[in-house]
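Notes follow once the structure below has been shown.
Each reported figure results from applying straightforward, stated rules to the coordinates on display, with no laboratory input. As the structure is a computational prediction, the values presented were derived from the model and not from experiment. Cβ sites come from the backbone with ideal geometry, for glycine too, and all protein chains shown count toward neighbours.
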Amino acid sequence: MICMNCGKHVDDDVRVCPFCGSELEAAAPAVEEPAPEEDPLPIILKTRKPVQEEEDPFARDEADRTPAFEKAEKSSIITPALILSLLSLILVVVCLASILSLRGALSDLAKLQEQNTAALQSSIASVGERLDVLDSTLANVQNQAYEQVASQSIAITKDITPLTGPVDEGKYNQMFIVKAKGNLNVDTSFDWQRYNEATGGWVSIIFTGDATTNEQFGLRLENQFNAAESEYTTILWAQGITQEAAGTYRCVITDNGGITKSSAEAVVAIQEVE
């Protein structure tokens with residue numbers, strides 16, 4: 001027979017359609033009918049598919065008794081956005097840790113740099129002190145060497161004798177005498193100097209005229225040469241000495257090679273005459 005529900009052929013003795021599950025009615029005995037002259041159009045029976053029941057969001061699974069919508073929410077908790085956020089958070093933590101570590105390293109490096117700078121400055125100061133000592137030592141050695149050369153070039157046979165008392169103002173007499181030997185010149189080798197308190201240095205006394213006098217201080221210069229003794233003599237005379245002549249004196253001797261040597265120093269005091 002034919003199932004009226006699904007239209008499929010089933011056995012005549014079957015009461016339930018094995019295809020759709022519909023109950024079948026007993027078929028009436030077949031009556032032979034004359035065949036139509038033309039085949040009728042085939043009748044197509046449309047069967048309706050069984051409606052699938054929608055899942056109840058509040059239905060509970062028999063195993064765990066959990067509502068279906070809760071399962072959906074649980075399955076959607078871990079998403080790509082959440083994973084990306086977690087990775088970003090981890091990266092931020094790592095960067096902060098790196099920055100803090102780098103900051104500590106830079107602080108230690110700065111402290112080490114300060115220590116090295118202080119040590120270097122101390123070393124430079126120590127080297128500077130040693131250079132100062134070396135310069136002073138070198139200057140002393142040079143002075144000693146120069147004095148030795150000057151002593152070999154110029155020999156002072158009679159040095160300045162200091163005055164025992166003040167000189168009377170306007171007095172005319174011999175004050176100082178210096179004698180020396182060497183490669184000297186009677187006209188240019190003797191330079192009498194006076195110490196200037198204002199400037200803190202020695203100033204040459206200028207003698208002018210044929211008598212080689214200095215009217216400001218009331219002094220006169222006389223140089224001599226003794227050929228028999230090969231000795232040179234320079235004499236500083238008081239020729240009407242003035243109050244301005246008071247001070248400290250010395251004679252600087254220069255040989256023809258430019259080597260100089262200084263005599264002793266002497267103080268001149270001027271006493272007013274009534």
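Neighbour counts of other Cβ atoms within 10 Å put CYS6, CYS251 in the fewest-to-most order CYS6, CYS251. Start at zero, step by 5 Å, and the Cα-Cα distances of region 159-271 spread as 2, 12, 23, 24, 20, 12, 5, 2, 0 percent across the bins.
Counting other C-beta atoms within 10 Å, which of ARG220, ARG103 has the fewest, and how do the rest follow? Write down the numbers at each step before the final one.
Values: ARG220 22, ARG103 10.
Ranked by crowding around the Cβ, least crowded first: ARG103, ARG220.
From the alpha carbon centroid of region 207-274 to that of region 114-133 is 51 Å. Shown is the FRET efficiency for THR212 and GLN271, computed with R0 = 35 Å from the Cβ-Cβ distance and rounded to the nearest 0.05: 0.85. Projected label points at ASN183 and ILE78, each 7 Å from Cα along the beta carbon direction, are separated by 10.8 nanometres.
Fully extending the segment from GLN115 to ALA155, taken as 0.36 nm per residue of separation minus the present Cα-Cα distance, adds 8.5 nm.
Any idea how far the Cα center of region 180-196 sits from the one of region 74-110, in Å? Taking the Cα centre of region 74-110 as reference, the centre of region 180-196 is 91 Å away. Ordering TRP192, TRP202 from the fewest to the most neighbouring beta carbons within 10 Å gives TRP202, TRP192. Between ILE205, SER263, PHE217, the Cα set farthest toward the positive side of the dipole of region 159-271 (charges on each charged residue's Cβ, about the Cα centre) is that of SER263.
One chain, two ends: LEU163 and SER88. Fully extended at 0.36 nm per residue, the span grows by 16.8 nm beyond their Cα-Cα distance.
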